[in-house]
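Structure first, then comments.
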Amino acid sequence: MEVLLNFLIYGLVQSAFLSLVAIGFSLTYGISRLPNFAHGALYILAGFLIWNGLNVWKIGYLPSVILAIVLTALIGYSLYYGIIIRVRGMEVSEVIATFAFSFVIVELLRYFGLFGLSYTLPPFLRGSLEFAGVVLDYQRLIVIISTVALVAFLYFFTHYTKIGLAFRAIAQDEQVAMMLGIDSDKVAALSLAFGSALAALAAAIWIPVSQLASESALEILLYALVVSILGGLGSVTGVIVASLIIGYAQVFTASFIAPHYQMIVALVAIIILLLTKPSGIFGKQKELEERV
């Protein structure tokens with residue numbers, strides 16, 4: 001019973017983490033069809049900004065998190081108008097441009113000393129809960145609660161705000177939305193900023209229980225890609241379902257086979273899906289294999 005409960009709880013934690021890192025990537029693509037391959041680098045950049053806010057600028061934890069989210073969103077917004085707008089519509093060029101930008105961020109972070117495991121973020125709350133012999137620290141509990149809260153926020157944001165409704169309009173039919181006066185470029189830039197801010201939020205919540213290292217940027221990007229493609233790019237429901245599938249599969253693999261096979265599980269899942277249903281579980285974009 002204790003083993004089963006441990007599997008269920010930590011599988012849920014892993015699934016929540018995967019949802020956090022994938023939602024921003026999936027939403028940006030679903031709204032504007034932009035594959036932001038700088039997603040992992042922006043995640044690490046946000047973590048580094050939070051670390052500096054705590055240890056260098058001494059502005060406190062919450063202000064550091066807010067500052068990191070805002071600055072990362074601004075970088076995402078500037079990325080669109082500075083680079084992406086010049087290659088908009090050229091799928092391969094979009095991938096190359098964002099991927100190259102991610103390397104610029106990672107190398108700059110390494111230049112400023114972010115490598116190895118010397119940087120960490122403290123948990124929001126110290127301590128843990130024990131339930132039927134299973135110990136769960138407060139930070140991992142925050143991960144689960146934050147994911148649920150984020151999904152609820154996204155629902156209300158996209159259904160009851162002007163920006164959210166513009167996002168949905170562009171995602172459903174860009175040409176009709178433009179005829180109604182919605183600026184496609186502005187919405188695309190905002191979607192990139194929004195996705196970048198969600199990457200920063202994921203970093204703030206998850207790094208306290210993992211690590212802050214520039215080497216993790218590619219791993220975060222891979223997780224975002226795997227979950228988004230498995231669930232169907234642009235589908236929040238798909239992201240949640242795919243996160244649960246991969247999260248529990250990874251915890252099962254780590255518990256009963258070997259921890260270093262966790263990433264292999266995710267990659268095998270995406271290979272099988274691309275061979276059977278390239279658009280993903282809830283996806284409708286048939287051109288997926290050409291774009292990603």
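The values are calculated or read from the model by the stated rules, or taken from the named source; none is laboratory data. The structure presented is a predicted model; accordingly, all values stated were derived computationally and were not measured. Ideal geometry is used to build each Cβ from the backbone, glycine not excepted, and the neighbour counts take in all protein chains shown. Just so you know, the surface numbers come from the protein's heavy atoms only, side chains and all, with ligands and any DNA or RNA stripped out. Shrake-Rupley method; radii C 1.70, N 1.55, O 1.52, S 1.80 Å.
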Just name the residue that is modelled with the lowest pLDDT out of those in the stretch 79-102 that are loosely packed, with under 15 Cβ neighbours inside 10 Å and in a helix (DSSP H, G or I).
-> V92
With the condition kept exactly as written, say whether any residue in the stretch 175-185 is at pLDDT below 95, part of a helix (DSSP H, G or I) and among the hydroxyl-bearing types (S, T, Y).
-> yes
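Residues checked against (1) surrounded by fewer than 24 Cβ atoms within 10 Å (Cβ to Cβ); (2) assigned to a helix (DSSP H, G or I):
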| residue | (1), (2) |
| --- | --- |
| V21 | no, yes |
| G30 | no, yes |
| F37 | yes, no |
| N52 | yes, yes |
| A68 | no, yes |
| T72 | no, yes |
| I75 | yes, yes |
Give the number of residues within the stretch 108-119 that are touching a residue at least 40 places away in the same chain (Cβ under 8 Å) and not in a loop (DSSP other than H, G, I, E, B).
-> 3
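Rundown of residues vs (1) at pLDDT below 95; (2) over 30 Å from F252 (Cα atoms), yes/no style:
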residue	(1), (2)
S26	yes, no
S32	yes, yes
G40	no, no
Y43	no, no
I50	no, yes
Please list, ordered by first then second residue, the pairs with beta carbon atoms under 8 Å, 6 or more apart or interchain, first in the stretch 9-21 and within 25 Å of A38 (Cα to Cα), second outside any helix (DSSP H, G or I) and open to solvent by 10 Å² or more (accessible area, probe 1.4 Å).
-> V13/L136
Residue within the stretch 238-250 that is more than 12 Å from S15 (Cα to Cα) and at pLDDT 90 or above present = yes
Are any of the residues in the stretch 204-214 among the β-branched types (V, I, T), open to solvent by less than 20 Å² (accessible area, probe 1.4 Å) and modelled with pLDDT of 95 or more?
-> yes
Cβ pairs under 9 Å, 6+ apart or interchain, first in the stretch 124-150 and more than 19 Å from L201 (Cβ to Cβ) and at pLDDT below 90, second of a type in the set (S, T, Y) and open to solvent by 40 Å² or more (accessible area, probe 1.4 Å), ordered by first then second residue, are V134/Y10
Residues of the stretch 103-138 being loosely packed, with under 14 Cβ neighbours inside 10 Å, among the aliphatic types (A, V, I, L, M) and over 20 Å from the mean Cα position of the chain (by Cα), in sequence order, are L117, L125, L129, A132, V135
